[in-house]
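Below you'll find the structure, written out as structure tokens, and then a few comments.
The values are calculated or read from the model by the stated rules, or taken from the named source; none is laboratory data. Please read all numbers here as calculations on a predicted model, not as lab measurements. Note: ideal-geometry Cβ built from the backbone for every residue, glycine included; neighbour counts use all protein chains shown. Each accessible area value is taken on the protein alone, full model and side chains, heavy atoms only, with ligands, DNA and RNA left out. Shrake-Rupley method; radii C 1.70, N 1.55, O 1.52, S 1.80 Å.
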Amino acid sequence: MKQILLGAFEINQVNLTSQGLWAHPEQNTYRYKELTYWTDLARLLERGFFDFIFLADSYGYPLLKGGTPDVTFEQAVEIPKNDPMLLIPALSAATRDLNFVVTASTSFEHPYANARRFATLDHLTQGRIAWNVVTTSSAVVSDLFGAVQAAHDERYAIAQDFLDLSYKLFEGSWEDGSVLVDKVARRYADPRRVHPVAHNGPYFKSRGYFNSEPSPQRTPVLAQAGASRAGRTFAAANAELVFVQGKDAGMLRSQVEDLRRLAIDAGREAGSIKAVSGLSVVVAPSRAQAKERLEEYLSWIDADAARAYYAMMTGVDLAALDPDASFSAVKTEGGRTQVERYKDTTVREAAADFIRRGMRELILVGTPAQVAEQIGVVVAETGLDGFNFTPFLSPGCYRDMADLVVPELQRMGLMRTERPAGTFRQRLFGAGDRLPHSHPAARHRVGR
């Protein structure tokens, strides 16, 4: 039986995806500025056999009709927000088994500085780091950086050039065995086995040595999410951990199957990608009580804040659309994942669903055993490799998942019961620390 991956979806801010839920009496996300909040959470996740914590990020915030509505600040819709990357060393020191997926943009970073940061994190975590590659669709962020917003598909062309240079830096500057650390001979590295990198791409240029020595994984595990055709093609060519989105098993199965076909078309193996979907869980002693608890959580959502959040994610103002029109007619140069999700609904249905669910995909309710059984059915019907768990309340929902649902999944054989050593990539695929030879990064390796 397949053992699933389990991640925790987090953002270094007040709300996750349910706007307004920050005010719930049992919610602790307002403590996001406290390091102990994060280290305690990391230890809880490790105890609960979570495989990774996924730290999403964006510089953006809502912009509607040329301005930022007051509800943005009243309900903390994507602002204020802190840098998630700075949490990683502390979380790594607090754990031994937990891995870390952190977001960095190919639109507003430079490949050299970004590669150096990830190499450093890979060293400090002993190979427990992954890079969530995002292309950043927000016009607000373009304004913040004084840049012109690139069109949707061009952002993926920029991202590919960014990755091509990153692969050269991670894989093509230092040969295996180039670092000697020979105190007797007084030679730290062999200069004959360290090479300058030259890249003259359509968007990025770099020439010289990568000044971080090889880390345990060299290239961090590569994660990506994108529902558009350009996004799926990009993920299939580069990513190892892909976040798919869908409201039901049929939509998820279609995305997983398409992703694996595209991976084969890109010269990779279908199994070289792990597909993960979002998951929220509400448990109680009975299904009826769990449903009541879910409705109580959802009663805290602020509809205006949710619409502002949707506009930030997509560039689409739901309130400005004809509620009876088909959502398939909605076009945007912003993020398309949350637009593609509603292509078979009306605007009215899409707005109602997003206000209720936010970006949550599957919401499962019931007793712990019932929820575990539902998870098993979803895995069998979709081909998913795992889930990115999004709590309603933190840390309460994490505690319920770790203490009540995970033991049921372990009993079913769907989750691991041991804590194997090794890098994140080794744990994902069981085949070593480095990217396989079929990955495009491999062609940049030197000294083979």
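Descriptive notes on the structure:
- Carbon + sulfur, % of accessible area of the chain - ligands and nucleic acids excluded, 1.4 Å: 52 percent
- Counted residue by residue at 0.36 nm each, then reduced by the alpha carbon distance between them, the extension gain from residue 180 to residue 438 reaches 90.0 nm.
- The residues packed around residue 179, meaning those with a beta-carbon under 11 Å from its beta-carbon, carry a net charge of -3 if Lys and Arg are +1 and Asp and Glu are -1.
- For the stretch 197-232 versus the stretch 113-136, the gap between their alpha-carbon centres in whole angstrom: 10 Å
- Whole-angstrom Cα spans of the stretch 238-366 along principal axes, big to small: 48, 43, 21
- Across the stretch 192-203, coupling constants 3J(HN,Hα) worked out from phi with the 6.51/-1.76/1.60 Karplus curve, θ = phi - 60°, read 6, 10, 10, 10, x, 9, 10, 9, 10, x, x, 10 Hz, and Gly and Pro carry x.
- Here the stretch 120-176 is described by how far its Cα atoms reach on the three principal axes: 41, 21, 17 Å, from widest to narrowest.
- Pairs with C-alpha atoms separated by more than 23 Å, drawn from the list 247/291; 65/331; 33/247; 274/343; 205/331; 168/205, are 33/247; 274/343; 205/331.
- Reciprocal mean inverse distance between Cα atoms of the chain - Kirkwood radius, Å: 22.6 Å
- Close amide H contacts of residue 99 (hydrogens built in the peptide plane, cut-off under 5 Å, sequence separation of 5 or more or a different chain): 52, 53.
- Trypsin sites (Lys or Arg not before Pro) restricted to the stretch 1-56 and DSSP loop, no more than 15 other C-beta within 10 Å: 2, 33
- For the chain, the solvent-accessible area of protein heavy atoms averages 41 Å² per residue (probe radius 1.4 Å; ligands and nucleic acids excluded).
- The stretch 212-217 - phi-based ³J(HN,Hα) in whole Hz, Karplus 6.51/-1.76/1.60, Gly and Pro as x: 10, 5, x, 9, x, 9
- Ordering of 95-103, 304-312 by packing [mean C-beta count within 10 Å, highest first]: 304-312, 95-103
- Tensor-based shape of the stretch 328-448 (alpha-carbon gyration tensor, a/c under 1.5 rounded, otherwise prolate or oblate): oblate
- Charge tally around residue 300: other residues with Cβ under 15 Å, Lys/Arg +1 each, Asp/Glu -1 each, net -3.
- When peptides 255-264, 13-22 are ranked by their average number of other Cβ atoms within 10 Å per residue, the highest-first order is 13-22, 255-264.
- For the stretch 1-155: rounded, prolate or oblate by the Cα gyration tensor [a/c cutoff 1.5]: oblate
- Computed FRET value (nearest 0.05) for residue 292 with residue 110, which takes r as the C-beta separation and R₀ as 56 Å: 0.65
- Taking all Cα pairs closer than 8 Å and separated by 6 or more residues, the relative contact order of the stretch 281-368 comes to 43 percent.
- Taking Cβ atoms as reference points and 11 Å as the exclusive limit, the residues near residue 77 contribute a net charge of -3, counting Lys and Arg as +1 and Asp and Glu as -1.
- Size of the stretch 153-238 as Cα extents on the principal axes (Å, biggest first): 56, 25, 13
- Here the simple spin-label model places points 7 Å from the Cα toward Cβ, and for residue 380 and residue 352 these points are separated by 3.2 nm.
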